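The values are calculated or read from the model by the stated rules, or taken from the named source; none is laboratory data. Small disclaimer: the values here were computed from a predicted structure and weren't measured. When we count neighbours, we look across all protein chains shown, and the Cβ atoms used for this are built from the backbone with ideal geometry, even at glycine.
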Amino acid sequence: MRPIRLSALILCAAGLLPAQAPQYPNFPSETPAKFQPSTSSFDYVKRDEMIAMRDGVKLHTIILIPKGARRAPMLLTRTPYSAKELTGHAQSPHLGPILQGYDNAVDVIVEGGYIRVVQDIRGKYGSEGDYVMNRALSGSQNPTPVDHATDTYDTIDWLVKNVPESNGKVGILGISYDGFLPLMALVNPHPALKVSVPMNPMVDGWMGDDWFHNGAFRQQNLPYIYEQQATRGNDEKWWSGHLDDYNLYMEAGSAGELAQRHGMEQIGFWRKILAHPAYDSFWREQAMDKVLAARPLVVPTMIVHSLWDQEDIYGAIAVWKALKPKDTNNDKVFLVMGPWHHGQEIQDGSSLGALNFHADTALEFRQNVLRPFLDHYLKDDAPASNVATVNAFETGTNKWQKLATWPGASKPTPLYLAADGKAGFTAPVAGAAAYDEYVSDPAKPVPFRARPSQPVGYDNGMTWPKWLVDDQREASGRTDVAVFVSDVLKEPLKIGGEPKVNLVASTSGTDSDWVVKLIDVYPDQVAGEPQMGGYQLMVSADIFRGRYRESLETPKAITPGQPLPYRFALPTANHVFLPGHRLMVQVQSSWFPLYDRNPQTFVQNIFWAKPEDYKKATQRIYHAPGQASFVELPVVPAR
């Protein structure tokens, strides 16, 4: 035995045989297998549930019930942004502080005694299943029998059967992506769904919400796509290496190249964007305004729109236009328009950037509009609602209006772009210069705001939410921006609705972008607000990719040097240009790095434009008889 034992020891020492593990006494963990917090002092009860959908997938759902609640209505939000985060803002025994974060109208929820329900959508955070960006309805783009409409139905069905403290009435609300989901809930609504409040909803990702605007790609949303889809819990973070996003996107060249450097070809939604740069059936069939226009109108819906929504400025008004004609009794569809950035309606609404509204407009909305609206439809004993069909904040005069419809009666009035940088309401006549021109250089694109250009973000002092109200003086001084300014106004000029661009322009290239900005120019000195002296405030602005001039689905090269008409709508405005102010229109051919650069050479897919494709182009804006460029203003007659 001794030789065998000695050989084993030699082999162990040589690492060829496993050594026997040393034996130690047990030392029990001091952490309990399952800790039960003591919450007897809390003013709410929290339930954490996994609710089964019709296909067996379970969705993580947090339910917060005010202690002692009886026959309380429920407010549901479905989110891809973590139910745990939305219901865990602070460590507190009180309901208000833990909801003091994104997507929670805290004062309405807490003061109204609502049961708060927040659910992770399938494939995100604590929920099972597969995640698909803006998952389409079951059908041609979704081969499964489940979608957000069925998931909402199944969730509500479970809630009314399993939350005994409720009165069986459910409302759904949310902002942005969480605002898209209340629209999905309207497709086949559960009988217990009594009201829907989509705020700043994602509606049509190509026409004017998150991914494109009239064909121009919003490339600064690449980090969002990356983080949202790379992992279930948004654990993978975008990396940059640049302080200035302008430098980051210029160095990469094209949006496709930058995404490839980040490995985004692994991400399903990015591959779809690359495959669908034009407005084909992929985008049209997902557009929620078109989807809901074809469905019965059953659930009372309040659509909330921000007049300076820097992310989803298209969607709310598109849904309003799709649904309101179906509201034959004028009791199902309501509209709110506030002077806010994206999501500001649940924050402080006293100011936006340099603008001071001298009152908390968001609090006024929540207390005077949202809360009575929700109470009316969701509470058993609520009084009749006196909420107007349209509650619209009039910027310029800074006051709320209660309206019967939107837009009201207006007179389409052309604001002509004229020679010598003039703008006015008189059509051009022969004899003046036929056009203004500038050189657009893709090597030096026009910044969409003062540099360094911050990434899209809301934390750590980011000013992204305010960029639509940035002072436009820097752009007006550039040689690659055409500027047209009116005389000083002697009377107030009110517009209400969508300004319409009618641009007659030519390019020496074979493709081009056109950015048109309608601007309120303040007097050189403003009493009481000296910081506003000479301020150039964008009232409405957007971009149009020239290759889609004839067809949004089929891009076509532009004939060089030929004056051609470009027609597109700008975002809705409800604004008064005051006496002493002037109107300005700026026209440019890049808005960087928010939008990807047009190479100004026609290529099949701009995502893969090569360095040699990017070329200077001479751009001409025409203002001659028969070739008049103008912005058609929806002028509201003076009362």
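Is it true that some residue in the stretch 532-551 is touching a residue at least 60 places away in the same chain (Cβ under 8 Å), acidic (Asp, Glu) and either crowded, with 24+ Cβ neighbours inside 10 Å or part of a loop (DSSP other than H, G, I, E, B) (or both)?
No: the stretch 532-551 contains no residue that is touching a residue at least 60 places away in the same chain (Cβ under 8 Å), acidic (Asp, Glu) and either crowded, with 24+ Cβ neighbours inside 10 Å or part of a loop (DSSP other than H, G, I, E, B) (or both).
Six or more apart or on different chains, Cβ atoms under 7 Å: show the pairs whose first residue is in the stretch 159-181 and among the aliphatic types (A, V, I, L, M) and whose second is at pLDDT below 95.
From the stretch 159-181, the pairs are Ile175/Asp103.
If we scan the stretch 245-257, do we find a residue that is buried (at least 22 other Cβ atoms within 10 Å of the Cβ), among the acidic types (Asp, Glu), assigned to a loop (DSSP other than H, G, I, E, B) and touching a residue at least 24 places away in the same chain (Cβ under 8 Å)?
For the stretch 245-257, residues buried (at least 22 other Cβ atoms within 10 Å of the Cβ), among the acidic types (Asp, Glu), assigned to a loop (DSSP other than H, G, I, E, B) and touching a residue at least 24 places away in the same chain (Cβ under 8 Å): absent.
Looking only at the stretch 194-222, filter to residues that are over 12 Å from the mean Cα position of the chain (by Cα) and β-branched (Val, Ile, Thr); which one of those is surrounded by the most Cβ atoms within 10 Å (Cβ to Cβ)?
It comes out as Val197.
When you check Pro637 against the structure, is it over 29 Å from Tyr249 (Cβ atoms) and either surrounded by fewer than 17 Cβ atoms within 10 Å (Cβ to Cβ) or not assigned by TED's automatic domain parsing to the domain that holds Tyr435 (or both), yes or no?
yes
Where residues in the stretch 590-639 are assigned to a helix (DSSP H, G or I) and farther than 21 Å from Tyr246 by Cβ, which of them is nearest to the chain's Cα centre (by Cα)?
Trp608
Would you confirm, using the coordinates I've provided, whether Ser506 is hydroxyl-bearing (Ser, Thr, Tyr) and touching a residue at least 60 places away in the same chain (Cβ under 8 Å)?
yes
Of these, Ile273, Ile225, Ile267, which one is crowded, with 22+ Cβ neighbours inside 10 Å, touching a residue at least 12 places away in the same chain (Cβ under 8 Å) and more than 23 Å from Gln588 (Cβ to Cβ)?
Checking each option against the conditions leaves just Ile273.
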